[in-house]
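No lab work stands behind these numbers, since they all come straight from the coordinates. This structure is a prediction, so every number in the text was calculated from the model and none was measured. Neighbour counts are summed over all protein chains in view; Cβ atoms, including those assigned to glycine, are modelled from backbone coordinates with ideal geometry.
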Ligand SMILES: Cc1cc2nc3c(=O)[nH]c(=O)nc-3n(C[C@H](O)[C@H](O)[C@H](O)COP(=O)(O)O)c2cc1C
């Protein structure tokens, strides 16, 4: 999810679950190819991930088969476990670029893209190429058109489809509207899996808990269930995923341990960026700490909003601290303050818990 499932979110997620498949944000194919051609290390930065984040799928977006193939090949080389093609994004920026959800109207083009990407990823025995799509788009939304889309794309050799189980209305609804207003139709995903038993399907849309994931698995022959917003907004639900869904051991950390481990990571990341000369001003430090704080801010969200509110307030308060330090003659390098902010936020949670237990 763009601006959500970045490298920092994925770090947090891996402290909670080791077995689930994680996804990157969508990366435009052109950005990947441009970064490669720049030969300045930017490709490494764009596609960087620690091996512990695997299994990890990268999602790419674009409509030019040759460009998509080059990007897919670079991603395969970078070590991702799956290359996923975005055929579901309704954002006007993306669809005016001719890709994302609008590609559902051009199944033959998606087929061409898939053929090229599969070849670039090593064919049948290489890195799997999968497609994430909607049930339809605008007035191209009939069951027959959906079947035709899947059949056509599958003829390229794609065998796994992730279905966001609602249509998109381009230019009419906002991105947010396109994630909430068109009704979810899970029965169409069941129907796809019955119609194409040789293919596998993964259901996405409106799944908020592990209980719901389990229920979906128990009823139907699904290969997977993708949880989007809930996995970001209430990441703690992931802490039971390995045992519940895979029969494996959960990492087993408490929230407080996850907090500490993530802060160690964030501190190391902040200081590495500082050593690279990228965090020398207060505004750069604020920006980076906001980025690092964003996934962490949701860690207690299913229990209380207090942690998020306090954490983000404390991070923003760095502006005042830095402004006062600027009054001195020599301006020191900005310091890492997220740990202090998190301590204040954790105190707010502890106080709320104490109050609650007194009230009981
Ligand atoms: C902030 C945000 C960014 C998203 N970015 C992407 C993206 O980059 N690629 C994608 O396929 N879907 C993206 N989505 C859509 C989700 O992957 C998912 O399909 C959608 O939210 C429905 O699933 P959910 O109800 O579990 O959230 C995004 C959603 C949100 C809220």
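Tabulated values for the structure
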read-out: Backbone N within region 67-87 under 18 Å of label point (7 Å from residue 48 Cα along the Cβ vector); value: 75, 78-80
read-out: Gyration tensor (alpha-carbon) shape descriptor, region 124-216, a/c threshold 1.5; value: oblate
read-out: Extension gain, residue 257 back to residue 355 (0.36 nm per residue minus Cα-Cα distance, nm); value: 33.0 nm
read-out: Mean projected area (nm²) of the alpha-carbon convex hull when the chain is viewed from all directions; value: 20.6
read-out: Relative contact order computed over the chain (Cα-Cα under 8 Å; 6+ residues apart), in percent; value: 13
read-out: Whole-number percent relative contact order across region 1-138, with pairs defined as alpha carbons under 8 Å at least 6 apart; value: 22
read-out: Cα pair distances of region 255-355 binned at 5 Å [whole percent]; value: 2, 13, 24, 22, 17, 11, 7, 3, 1, 0
read-out: Angle between the chain longest axis and helix 255-275 axis [Cα atoms, degrees, rounded to 10]; value: 90
read-out: Between 0 and 90°, nearest 10: helix 7-16 axis offset from the chain longest Cα axis; value: 90
read-out: Cα-based Kirkwood hydrodynamic radius, region 272-314, one decimal, Å; value: 11.4
read-out: Value of relative contact order over region 1-71, rounded to a whole percent, pairs C-alpha under 8 Å and six or more apart; value: 40
read-out: Using a Förster distance of 25 Å, the FRET efficiency for residue 141-residue 187 (Cβ separation, nearest 0.05); value: 0.95
read-out: Rounded to 5, percent antiparallel among DSSP beta bridges of the chain; value: 5
read-out: Where labels lie 7 Å past Cα in the beta-carbon direction, separation of residue 220 and residue 317 in nm; value: 4.8
read-out: Relative pair counts by distance (%), Cα atoms of region 47-180, 5 Å bins; value: 2, 12, 22, 23, 18, 14, 7, 2, 0
read-out: Three-way shape label, region 31-97, alpha-carbon gyration tensor, a/c 1.5; value: oblate
read-out: Rounded tilt (10° steps) of 306-316 against the dominant C-alpha axis of the chain; value: 70
read-out: Antiparallel DSSP beta bridges within region 1-142, percent to nearest 5; value: 5
read-out: Three-way shape label, region 198-241, alpha-carbon gyration tensor, a/c 1.5; value: prolate
